[in-house]
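Below is one structure, written out as structure tokens; the observations come after it.
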Amino acid sequence: MPEIGVTSESVAAGPLFELRGVGYSYSGRRVALDGIDLVIRPGERIVLLGANGSGKSTLLKLLDGIVAPTSGAITALGRDVAAVAAGEDSFQFHREVGLVFQDPDIQLFSATVMDDVAFGPLQLGLSASEVGERCAEALAEMDIPHIADRAPFELSGGEKKRAAIASVLSLRPQVILLDEPTASLDPRTKWVLVDLIQRLAAAGRTLIVATHELDVVPLISDRVIVLSEGGRIVGDGTPDEILGDRDLLVAANLIHEHLHEHGVVAHSHPHDPEDGHHPA
């Protein structure tokens, strides 16, 4: 049985994505990204790290061919992203690159979880047995076969996140893009999802995750790209290098200037104005 996401293209030589001088502005006014130069290679586990408003979600939409850059150029899996965004070969492209949005309700629109997970494979014209096999694999990989017959509105936040990821996995993409996957989750559910993301990467997929949560970074990445609030790349290195650079994290508004470091993961704690030190 083929592993989800492992295709002949996934071992092809050369970069998967190449961005040259890429910029993006909303309505020609608000600049979200500015002068992005970036190369992403097969099998990398990348975190896009930045504060809210730094352009992380916009960059994922560009990599997914949902929108075209307003300046510069992007080549993705040998295709011009501007052409993909205009509809050229977009169906095939989105079989190979899957985006999981921050809000899972965007992706869960069917009567049941199974219907959502089956939606993509059904569009490929596959046989019923092949669709069933893909759905079973995707649900099992997210540990959610038990909710296959439930309606999305009946699910918890964590279950919705996992169902949304499964709806992408059923297409067997070679690249998975995740936008703030652990946002708004309780601590237990957050770490369950981190474990599942680790499994996705261990299966050989190229994984690109946007987040501003520093504690998950060393667990899900081998490369970290830091975006400034002006939408520029201001850091690119290993998790140890990036998380150990206090000045960079402060400048990118990822930590407060008052910082304690515990190992490689940086934790910021607010001052208590009453006593001038930390709250208990």
Inset, instruction - For the chain, set up a Gaussian network in which alpha carbons nearer than 10 Å are linked by springs, and say which option among His256, His94, His212 fluctuates the most. - result: His256
Inset, instruction - Note the angle between two axes, namely the Cα long axis of helix 187-202 and the longest principal axis of the Cα atoms of the chain, as a number of degrees from 0 to 90, rounded to the nearest 10. - result: 60 degrees
Legend entry - Leading residue at positive end of dipole, the chain (Cβ point charges), from Gln107, Ala251, Phe153: Gln107
Inset, instruction - Report relative contact order for region 24-148 in percent, whole number only (criteria: Cα-Cα under 8 Å, sequence separation at least 6). - result: 14 percent
Inset, instruction - Specify the angular offset, from 0 to 90 degrees and rounded to the nearest 10, of the alpha carbon long axis of helix 157-169 from the longest principal axis of the alpha carbons in the chain. - result: 50 degrees
Inset, instruction - Could you tell me the largest-minus-smallest coordinate of the C-alpha atoms of the chain on each of the three principal axes, in descending order and whole angstroms? - result: 66, 43, 35
Legend entry - Hits among aspartates and glutamates - C-alpha to C-alpha of Lys190 under 20 Å, sequence gap 8 or more where chains match: Asp103, Asp105, Glu141, Asp143, Glu154, Glu159, Asp179, Glu180, Glu213, Asp215, Asp222
Inset, instruction - Would you work out which of Cys135, Ile233, Ser27 lies farthest towards the positive end of the dipole of region 8-268? Charges go on Cβ: Lys and Arg +1, Asp and Glu -1. - result: Ser27
Inset, instruction - Mind listing the long-range amide H neighbours of Phe17? Cut-off is under 5 Å, sequence gap 5 or more, other chains count too, H placed in the peptide plane at 1.01 Å from N. - result: Ile40, Leu77
Legend entry - Computed lengthening from Leu124 to Ser25, 0.36 nm per intervening residue step minus Cα-Cα distance: 32.3 nm
Legend entry - Candidate lysines - alpha carbon under 22 Å from Lys61, same-chain residues fewer than 8 apart omitted: Lys160, Lys161
Inset, instruction - For Arg223, list long-range residues whose amide hydrogen, built 1.01 Å from N in the peptide plane, is under 5 Å from its own amide hydrogen. - result: Arg45, Val47
Legend entry - Fully extended contour minus Cα-Cα distance, from Glu88 to Val39, at 0.36 nm per residue: 15.4 nm
Inset, instruction - Could you tell me which chymotrypsin sites (Phe, Trp or Tyr not before Pro) in region 75-149 are loop residues by DSSP with no more than 11 other beta carbons within 10 angstrom of their beta carbon? - result: Phe109
Inset, instruction - Return Glu96, Glu154 ranked ascending by Cβ neighbour count within 10 Å, so the fewest neighbours appear first. - result: Glu154, Glu96
Legend entry - ³J(HN,Hα) computed for each position of region 52-62 - Karplus, 6.51 cos²θ - 1.76 cosθ + 1.60, integer Hz, glycine/proline x: 4, x, 8, x, 4, 5, 4, 5, 5, 5, 5
Legend entry - Top of Ser221, Ser54, Ser156 by mean-square fluctuation, Gaussian network on the chain, Cα under 10 Å: Ser156
Inset, instruction - Obtain the nm distance between the two label points defined at Ser71 and Glu229 by a simple spin-label model: each point lies 7 Å from its Cα along the Cα-to-C-beta direction. - result: 2.1 nm
Legend entry - Cβ-based exposure ranking for Arg45, Arg162, Arg199, in which fewest neighbours within 10 Å come first: Arg199, Arg45, Arg162
Legend entry - Chain lengthening between Asp247 and His146 when straightened (0.36 nm per residue, less Cα-Cα): 31.8 nm
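All of the numbers you see were taken from the coordinates with simple rules; none came from a lab. These numbers were taken from a predicted model, which means no experiment stands behind them. Methodologically, a virtual Cβ is constructed for each residue, glycine included, from the backbone with ideal geometry; neighbour enumeration extends over all protein chains shown.
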